[in-house]
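A.B. asks: Below is the structure I would like to discuss, written out as structure tokens.
None of the figures in this text is laboratory data; all of them are computed from the coordinates on show. Small disclaimer: the values here were computed from a predicted structure and weren't measured. Glycine also receives a Cβ, built like all others from the backbone with ideal geometry; neighbour counts cover every protein chain displayed.
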Amino acid sequence: MSHVTTRYFCKGVLGAAAAAALSLPAMAQDPVDGGTLNIIINPEPPILMLGINQQGPTQAVAGKIYQSLLTYSKELEPQPSIATDWEMSEDGLTYTFTLEEGVTWHDGEPFTAADVVFSYDDFLPETHPRWRNVHNRLASIEAPDDHTVVFTMEEPFPAFLMSFSVDNAPLIPKHIYEGTDYLDNEANQTPIGTGPFKFEEWNRGSYIHLVRNDDYWKDGLPHLDEIYFHVIPDAASRAAAVETGQVHMSRAEDIEFFDVPRLAGMPNLEMTTEGWEMYGPLGWLEFNTRVEPIDDVRFRKAVMHALDRDFIVENIFFGLGNPATGPINSATLFQDPDALVEYDYNLDRANELLDEMGLEPGDDGVRVSLRLLPLPYGETWDRLAEYTRQQLSEIGVDAEIEAADAGTWAERVADWDYDMTFNYLYQFGDPAIGVSRSYISDNIRRTLFTNTMGYENERVDELFNLAAGEVDPEKRQEYYSEVQQILTDELPVAWLIELGFPTIYDTRVHNAVTTAIGTNETYDDVWIEE
Amino acid sequence: MIEFWTRFARNKGAVFGLVVLVGVIALAAFAHMLFPQSPWRMTGAPFQPPGAQPGHWLGTDTLGRDIAAGIAHGARVSILVGLVSTAVAVGIGVIAGAVAGYFGGLIDTAVMRFTEFFQTIPSVVLAIVLVAILQPSIESIIIAIAIVSWPPVARLVRGEFLTLRTREFVEAARVIGQSDTRIILTQILPNSLSPVIVTASLMVATAILLESAIAFLGLGDRNMMSWGYMIGAARTVIREAWWMSFFPGFAIFITVLAINLVGEGLNDALNPRLARQGRQ
């Protein structure tokens, strides 16, 4: 090595440029200070301590109280939050974060680098499974001074920079939690963070009330005086609350898909499916590749040709989402549309493939009978199963729909006791975090959300491995492009839809969704027209 | 027979019911000829109102499946479930009621307490629980409906047996040495059948309703088109597409009404004295 000193290069985007890009929609009008924002929260979170519970509703509420080092643009570029700058060493082993100065906790104590080390080295590894995976790759976390934190990795893992969304890496106050039983600490009931809103009151079963943090570290923010999260357990009542303007906003699956087009069409409401780029949910028909004749790739290709993904998005998911074309969601990093093998909706081609396999139809027109296990997540997925069964019958595949509740489904998929089923997974920004787990042979386990299909390809294993440890983004892209080409050719699953979860909001609300984490964002820049 | 028919025909409603019922049964029987394609097949554009597309005179559902085809094929499930589950329930009820009523005493007490056990549980709830436990399928639905429907038959048959077993013709049969089984089957049972037939006809209607309720809740046989399923699946879009739930709902309504009318007609025909008293 010719360079003795470690050279750093900046991976961050300047905050000013990013902020300008993010606030574009609001530029026509000047923000107004004050006002109360009313949001639906469903189901009611069990606790608001984000380091301990990371369910969706918890993230949405606690994302206003707690903060992380970074947040992410819709293109998944890291953006400053508590960290103003961040650098990765050229060998990809050391990350140095510079912290914002003058940040205080809601109880007035100053926030320092010691809090960061405590959060990421002590607290979260104990309480947060996803952070534990990140922590396992770390050799050390150190704070050379009060405003600098240095992470040292065991091996290069560039996806590390995607690990700092607030749901994955919330900052926890050391002065409250150090030396205590984290799960049992009384302070869990009165969360203390650095965010723009402070916890005020929680009337269980009714509402959660957050108020403006007057000492917030960003000058002049937040705009809002307070936020109420309203607990509304009944789906019809939630739709009515949005419709009548009782609340300003619904998020995630608050509004059932079939009600979304109607609400989105109302003149006083706005609907967007943006703000899920960090999670990149991808839905598919999952094959058990151990079962005959599914083990033959021609059969899987025939199924892919038999399903009309445009029809699925338009008519089953009410237009929410996009047709999926491959293993990586187009919102996730390193998706390469040019590398994908394409499958048009073509029943003749599907029938040809099956004929080629020698799967001859019997007298009743049936070539083979298989079991189809629907995903027990409600009506939409039931319709998808019915559609799939019908389409498969068009190519002589008799798929019998089996009835299963959520528990049975989880048990049977984990136990590989299925022929075909449906599933959807989050991708968390980087393929090394949320994509490879479904296709590498190391991860063929009797556990949900692993490679339950039993798909094996040595080259795929190798490519995912190389890409995860590769610091050069261009090389990573090459590896991921090749892996996408192989996977779309071999079809471990039949990708169907990039799910779009709707955020529906009052047109007077500005900046409701500005980043890749959508409604989990701090909302310091959200404002309401008078 | 002619006398039976005259008495039945005196009830205009019953004749109407019979006509409708025959129509529904014909629809079920010829569904595969009227609508040769699978009712699950997406034959048209989704969300088409009645008459908007040729060949879909009752419209299409959220996926473009023909509503008329669904109703015709759904009639099969309704008729099948109605008849088979009633037959099973009547079978269980007659045996339990006959044994209890004929032998009396401890056996009677035991059987009746057992019957009451089933009667105290709300039948819809029990049926749903049974289907959920047995895994939803056409067989489990029939079994569940039969299990919740037999107690009234048992009580009815027991009552008939209690009065009939002390009659002279039964005493006579006993004196000439007929066995208990033979007395039950050839002497008492034929004489207690009229009310059982009337009750059974009404049970068919209840069974169809119950099957619809189960399918509506999403516990139906996932591979068979049924009216309850159609309403359940269309319920979510009722504001935009009334026809998807209205037509199957109307099918259930008219079928159940027809069976009830026929049941009343049978009552008039089989129990002429009671019927006339009731009418005055």
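A.B. asks: Give me the number: length gained by fully extending B:R174 to B:L162, i.e. 0.36 nm times residue separation minus the C-alpha to C-alpha distance, one decimal in nm.
C.D. replies: The B:R174-B:L162 span can extend by a further 2.8 nm.
A.B. asks: Starting from the Kirkwood Rh over alpha-carbon pairs, what translational D in µm² s⁻¹ does chain B have by Stokes-Einstein at 25 °C and 0.890 mPa s?
C.D. replies: Result for D is 119 µm²/s.
A.B. asks: Follow-up question, since we're still on this one. Hey, what did chain A get for relative contact order, percent, Cα under 8 Å, at least 6 apart?
C.D. replies: After rounding, I find 21 percent.
A.B. asks: Expressed in whole Å with the largest first, what are the equivalent ellipsoid semi-axes of the stretch A:434-530 derived from the C-alpha gyration tensor as the square root of 5 times each eigenvalue?
C.D. replies: 37, 17, 12
A.B. asks: Once the other residues with Cβ under 15 Å from the Cβ of B:I188 are scored (Lys, Arg +1; Asp, Glu -1), what is the net sum?
C.D. replies: 0
A.B. asks: Starting with the fewest neighbours, write out A:K74, A:K218, B:K12, A:K64 ranked by other beta-carbon atoms found within 10 Å of each beta-carbon. Spell out each step's value before the answer.
C.D. replies: Working: A:K74 19, A:K218 13, B:K12 10, A:K64 31.
Placing the least packed residue first, the sequence is B:K12, A:K218, A:K74, A:K64.
A.B. asks: Relative contact order for chain B: what percent, with Cα pairs under 8 Å and sequence separation of 6 or more?
C.D. replies: Once normalised by length, the contact order is 27 percent.
A.B. asks: Just going by the charge dipole of the protein assembly as shown, with Lys and Arg at +1 and Asp and Glu at -1 on Cβ, which of B:F246, B:T186, A:I504 is farthest out on the positive end?
C.D. replies: The residue sitting most towards the positive pole is B:T186.
A.B. asks: Take every Cα-Cα distance within the stretch A:319-462, group them into 10 Å bins from 0 onward, and report for each bin the whole-number percent of pairs it holds.
C.D. replies: Percent of Cα pairs in each bin: 10, 30, 39, 19, 1.
A.B. asks: If you take the beta carbon distance between A:D215 and A:A187 as r and set R0 to 25 Å, what does 1/(1 + (r/R0)^6) give as a FRET efficiency, to the nearest 0.05?
C.D. replies: 0.85
A.B. asks: Another question about this same structure. Please report, for the Cα atoms of the stretch B:1-157, the Rg to one decimal and the Dmax as a whole number; what are they, in angstrom?
C.D. replies: Every Cα atom of the stretch B:1-157 included, Rg and Dmax give 21.2, 67 Å.
A.B. asks: Can you check what the net charge comes to around A:G378, using other residues whose Cβ is under 10 Å from the Cβ of A:G378 (Lys, Arg +1; Asp, Glu -1)?
C.D. replies: Net of charged neighbours comes to -3.
A.B. asks: Could you check what % of the DSSP bridge pairs in the protein assembly as shown are antiparallel, to the nearest 5?
C.D. replies: 80
A.B. asks: Follow-up. Let me know the Kirkwood hydrodynamic radius for chain A, please, with Cα pairs as the basis and the value in Å to one decimal.
C.D. replies: 24.6
A.B. asks: OK, next. Please give the net charge around B:G159, taking every other residue with its beta carbon less than 13 angstrom from that of B:G159, where Lys and Arg add +1 and Asp and Glu add -1.
C.D. replies: So the surrounding residues net to +1.
A.B. asks: Just give me a number: lysine pairs in chain A, eight or more positions apart or cross-chain, with C-alpha atoms less than 30 Å apart.
C.D. replies: Qualifying lysine pairs in chain A: 16.
A.B. asks: Kindly point out which whole DSSP H helices in chain B project their C-alpha atoms 20 angstrom or further along the helix axis while averaging a Kyte-Doolittle hydropathy of 1.6 or above.
C.D. replies: Span-like helices, by this rule, are B:12-29, B:67-103.
A.B. asks: Here's another thing I want to ask about it. Projecting each Cα onto the charge dipole of chain A (Lys/Arg +1, Asp/Glu -1 at the beta carbon, about the Cα centre), which of A:T84, A:I65, A:P492 comes out farthest on the positive side?
C.D. replies: Working it through, the farthest residue towards the positive pole turns out to be A:I65.
A.B. asks: Using Cβ counts within 10 Å as a stand-in for footprinting exposure, how do A:D259, A:D234, A:D146 rank, fewest first?
C.D. replies: Listed from fewest to most nearby Cβ atoms, that is A:D234, A:D146, A:D259.
A.B. asks: Over all directions, average the projected area of the Cα convex hull of the stretch A:170-210 and note it in nm².
C.D. replies: Convex hull of Cα atoms, orientation-averaged projection: 3.5 nm².
A.B. asks: Between A:E256 and B:A9, what is the spin-label point distance in nm, taking each point 7 Å from the Cα along the Cα→C-beta axis?
C.D. replies: Rounded to a tenth, the inter-label distance reads 5.0 nm.
A.B. asks: Here is a follow-up. Per residue of the stretch A:276-292, in order, report the coupling 6.51 cos²θ - 1.76 cosθ + 1.60 (Karplus, θ = phi - 60°) as ³J(HN,Hα) in whole Hz, putting x for Gly and Pro.
C.D. replies: Those phi angles translate into 10, 4, 5, 8, x, x, 10, x, 8, 8, 9, 9, 8, 6, 8, 8, 6 Hz.
A.B. asks: Now, a different point. Taking Cα pairs under 8 Å and at least six residues apart, what relative contact order does the stretch A:282-499 come out at, in percent? Working shown, then result.
C.D. replies: On the way: 389 pairs, mean separation 75.7, N = 218.
Normalised by residue count, the contact order of the stretch A:282-499 is 35 percent.
A.B. asks: Distance between the C-alpha centers of the stretch A:412-434 and the stretch B:6-58? Whole Å please.
C.D. replies: First find each Cα centre; the distance between them is then 43 Å.
A.B. asks: Can you list the residues, at least 5 places off or on another chain, whose amide H is less than 5 Å from the amide H of A:T84, using H built in the peptide plane?
C.D. replies: Amide H neighbours of A:T84: A:T98, A:L99, A:E100.
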